[in-house]
Each structure stands twice: as structure tokens, then as C-alpha cells.
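**Student:** One structure is given below, represented as C-alpha cells, and several questions about it will come after.
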Amino acid sequence: MQEGGVTEAVVSIANKGAQVVPTPVAIVGIPGGLEVRHDIIPFNGGQYYMTAGKTRRAGIELGGELQTRYNVHARLAANVMHSEYIDYENNLGTFDGNKNAGVPDFALDARLGYDGPRGLYAEGAVHSLGSYFADDANTANVAAYGIMNLTAGFQHAFRHAAVDVFGGIENLLDEKYVSSVYINGVNGRFFEGGMERNYLVGVALRTN
């Protein structure tokens, strides 16, 4: 193993029997840690960068998928992360032991859907991020949040084309949250608010 190189572990689950398994599950990632030397830290939303001597990151990432015989499907992707500066000093101060700016404690994406008769479908989704800091000094806290989206539509295939008519509601519960952050922004400018509850409709046409 070389310093700065990438180490990857892959876990595979195979069904060697004759019977079809309707509920495949994939596991991506195992608990582990990584120390990064010369980590690049953005300032003022990425207008310029500084280098940390050493940072440490450790976490686990999981993913799963479920498909039932009743046309119900579910998907899940989640990770938990702990990250901190081990050796980091610049003209603004010393940040050893602080959490890495811009790295949430956890992230979650979950979906549950139904494929109905005659091309009808519906799906609900939840997206959540844990709290994190927007600056190296760990003074600008970004609160954890979770939002819910709903989508429904109709699909139909023709001889040389397929059409998808859909509509949805994003941020169903009208949560107030920070959707993006300017890491180490200046003059207290860190946060960009997420969209309030909004509605969408659309038509997609695919040809073959």
C-alpha cells in the first residue's frame, strides 16, 4: 500500500441456486478509516484554496434494493462519516481537532415506489443530511434536515417511441433548510437556502 494510493474492498453476494431471488441487496463499503495528507480546503466558495497537513476520515456506507412480486420497490443509500483535521494551521488560526468543513455526519436517500397497471406509477422519496460546519473554525453550523418528495406518472410504449407524463411535489412538508454552502465564505456568507414546497409537471419522449 502506497501513501496517497487508493485502497478498495468489494463485497459480493451471489445466488448460485436455481430459484430466482426477488429481493437483491447490495452492500457497498465497510467500516474503515483514511488519513489524507495535503488535503485541499476551499475558501470563499472555492475562489481559492489552502492545504491541510493531515486530515482523518472514517465511516461506513450501505446500499440496498428491494423488488417484490407485488410491483413494490424500495431503495436505500446511507452513510455515516466522522472527519477531522489532524494537522492544519494557516494564517487564520490552528484547527487541529476540528471537524472538516462541509462534511455531514450522515446522509440518507430512501425511495419507495409502486408500478401499477397500464403504465401508472408512483414513488415517494426522503433525502436527509446530518449537521456539519461551513468553516474550519467550526463556528458556522449547518443544521441537519430531511425533505420528502412525491412523484406520480403514466408511461406508455409505442412501436418506435415511449412517452412518460409525470407530476410531483418537492419538499412536501415545506421544510426550511440549507441546500448548499460556501465553504469558508467571507463576511459571514455561508448559506444558500433550499427551495420551499414546489410542484412540477413534465412530459418525456424517448425514441428508438
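The values are calculated or read from the model by the stated rules, or taken from the named source; none is laboratory data. Small disclaimer: the values here were computed from a predicted structure and weren't measured. Cβ: placed from backbone, ideal geometry, glycine included. Neighbour counts: every protein chain shown.
**Student:** Which one of Asp164, Asp136 is touching a residue at least 60 places away in the same chain (Cβ under 8 Å) and in contact with a Gly (Cβ under 9 Å, 6 or more places away or on another chain)?
**Tutor:** Asp136
**Student:** State all residues of the stretch 138-148 that are exposed (fewer than 14 other Cβ atoms within 10 Å of the Cβ) and assigned to a loop (DSSP other than H, G, I, E, B); if no residue qualifies, say none.
**Tutor:** If the condition is that a residue be exposed (fewer than 14 other Cβ atoms within 10 Å of the Cβ) and assigned to a loop (DSSP other than H, G, I, E, B), then Thr139, Ala143 are the ones that fit.
**Student:** On to the next question. I'm checking my understanding of the structure. Among residues of the stretch 86-126 that are part of a loop (DSSP other than H, G, I, E, B) and small (Gly, Ala, Ser), which one is surrounded by the most Cβ atoms within 10 Å (Cβ to Cβ)?
**Tutor:** Ala101
**Student:** Follow-up. Which one of these is at pLDDT below 60 and under 27 Å from Gly102 (Cα atoms): Gly64, Gly32, Gly17?
**Tutor:** Gly32
**Student:** Oh, and also: Of Leu108, Leu173, which residue is touching a Ser or Thr at 6+ places or on another chain (Cβ under 7 Å) and either more than 30 Å from Asp39 (Cβ to Cβ) or not small (Gly, Ala, Ser) (or both)?
**Tutor:** Of the residues listed, the single one that is touching a Ser or Thr at 6+ places or on another chain (Cβ under 7 Å) and either more than 30 Å from Asp39 (Cβ to Cβ) or not small (Gly, Ala, Ser) (or both) is Leu108.
**Student:** Out of the residues in the stretch 87-136 that are over 16 Å from Gly59 (Cβ atoms) and either β-branched (Val, Ile, Thr) or in contact with a helix residue (DSSP H, G or I) (Cβ under 9 Å, 6 or more places away or on another chain) (or both), state the one that is modelled with the lowest pLDDT.
**Tutor:** So the residue we want is Thr94.
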